[in-house]
Amino acid sequence: MTITITAFERSPDGGQGMARDMRVRWALEEVDRPYDVRLLSFKAMKEPAHLALHPFGQIPTYEEGDLALFESGAIVFHIAERHAGLLPDDANARARAITWMFAALNTVEPPIVDREVAEYLEGDETWYEQRLPFIDERIRKRLGELSGRLGNADWLDGAFSAGDLLMVTVLRRLEGSGIVEEYPNLAAYVARGKARPAYKRAFDAQLAVFTAAPTG
């Protein structure tokens with residue numbers, strides 16, 4: 001059955017792999033599964049046809065036969081469970097990899113998203129300059145803990161897994177802030193993720209959508 005995912009018709013990030021369909025693309029590339037992409041305008045994302053797939057009117061969604069999923073983490077988990085390559089065979093190692101998936105999305109990502117919201121939506125507010133250091137302090141606390149756990153290892157728990165895939169995409173959201181670079185082992189960790197051939201294929205595919213989109 002053909003896999004179809006949804007993505008921005010014109011991504012706000014300029015095709016730099018920050019949109020959450022990147023996570024799904026990367027997972028599918030890692031397990032060598034072909035997929036189609038249905039591009040959506042912001043208007044189409046709020047129309048009934050898409051809301052039937054994603055009740056919050058966002059991207060990505062995943063369709064395969066009569067299965068329809070939303071939420072990038074849930075989609076990556078589904079892909080990892082259905083196809084070899086993103087979760088270990090050993091039951092305990094598999095459970096730990098799944099734990100890292102949840103940690104990336106539930107513990108590390110929230111303060112990073114708070115920072116993005118502050119930058120894009122609150123930058124003109126009088127209290128923005130006072131609030132940002134508190135957000136960055138929360139981020140640094142989490143990154144310090146993550147850095148300590150990673151240590152000198154290449155990946156979070158043995159071999160590369162879906163936990164690393166999600167964690168790398170989360171940390172990438174800080175690009176341009178200089179915060180990840182304060183933790184050299186995390187900066188190297190992100191670089192290792194971005195060097196994977198599957199990541200490069202996914203990134204190039206997302207970028208191609210943006211560069212092909214009309215500018216008018």
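For this structure, a couple of remarks:
- Rough spin-label spacing in nm, given labels placed 7 Å along Cα→Cβ, for Ala84 and Asp66: 3.0 nm
- Rounded to the nearest 10 square angstrom, Glu9 shows an accessible area of 90 square angstrom against a 1.4 Å probe.
- For the chain, built as a Gaussian network whose Cα springs stay under 10 Å, the top-fluctuating residue of Ala49, Ala97, Ala19: Ala49
- Label-point gap, in nm, between Ala52 and Asn92 - each point 7 angstrom along Cα→Cβ: 4.8 nm
- Derived scalar couplings ³J(HN,Hα) [segment 22-32; Karplus, 6.51 cos²θ - 1.76 cosθ + 1.60; whole Hz; x for Gly, Pro]: 4, 4, 6, 4, 4, 4, 5, 5, 4, 9, 6
- Under 5 Å, built H, 5+ apart or other chain: amide partners of Arg33: none
- Rel. contact order, % - alpha carbon contacts under 8 angstrom, at least six apart, segment 1-99: 31 percent
- Only protein heavy atoms count here; under a 1.4 Å probe, Ile112 has an accessible surface of about 0 Å².
- Candidate lysines - alpha carbon under 30 Å from Lys43, same-chain residues fewer than 8 apart omitted: Lys200
- Derived from the Cα gyration tensor, the three semi-axes of the equivalent ellipsoid of the chain are 26, 24, 15 Å, largest first.
- Note on Glu137 and Asp204: the extension gain reaches 20.8 nm, defined as 0.36 nm multiplied by sequence separation minus the Cα-Cα distance.
- If only the Cβ of Lys and Arg carry +1 and only the Cβ of Asp and Glu carry -1, the dipole of the chain around its Cα centre is close to 260 debye.
- Remark: spin-label model distance Asp154-Glu116 equals 2.9 nm, labels positioned 7 Å along the Cα→Cβ axis.
- Hz values of 3J(HN,Hα) by residue in segment 178-191 - Karplus curve (6.51, -1.76, 1.60), Gly and Pro given as x: x, 6, 4, 5, 6, 10, x, 5, 6, 4, 5, 4, 4, 4
- Antiparallel DSSP beta bridges within the chain, as percent of all bridges there, nearest 5: 60 percent
- Helix-only CD estimate at 222 nm, as mean residue ellipticity for the chain, using -39500 (n - 2.57) per DSSP H run (n ≥ 4): -16500 deg cm²/dmol
- Choice from Thr61, Thr169, Thr99 with maximal GNM fluctuation in the chain (Cα, 10 Å cutoff): Thr99
The values are calculated or read from the model by the stated rules, or taken from the named source; none is laboratory data. Everything quoted here is computed from the prediction, not taken from an experiment. Ideal geometry is used to build each Cβ from the backbone, glycine not excepted, and the neighbour counts take in all protein chains shown. When the accessible area is computed, the model is the full protein with side chains, heavy atoms only, and any ligands, DNA or RNA have been set aside. Shrake-Rupley method; radii C 1.70, N 1.55, O 1.52, S 1.80 Å.
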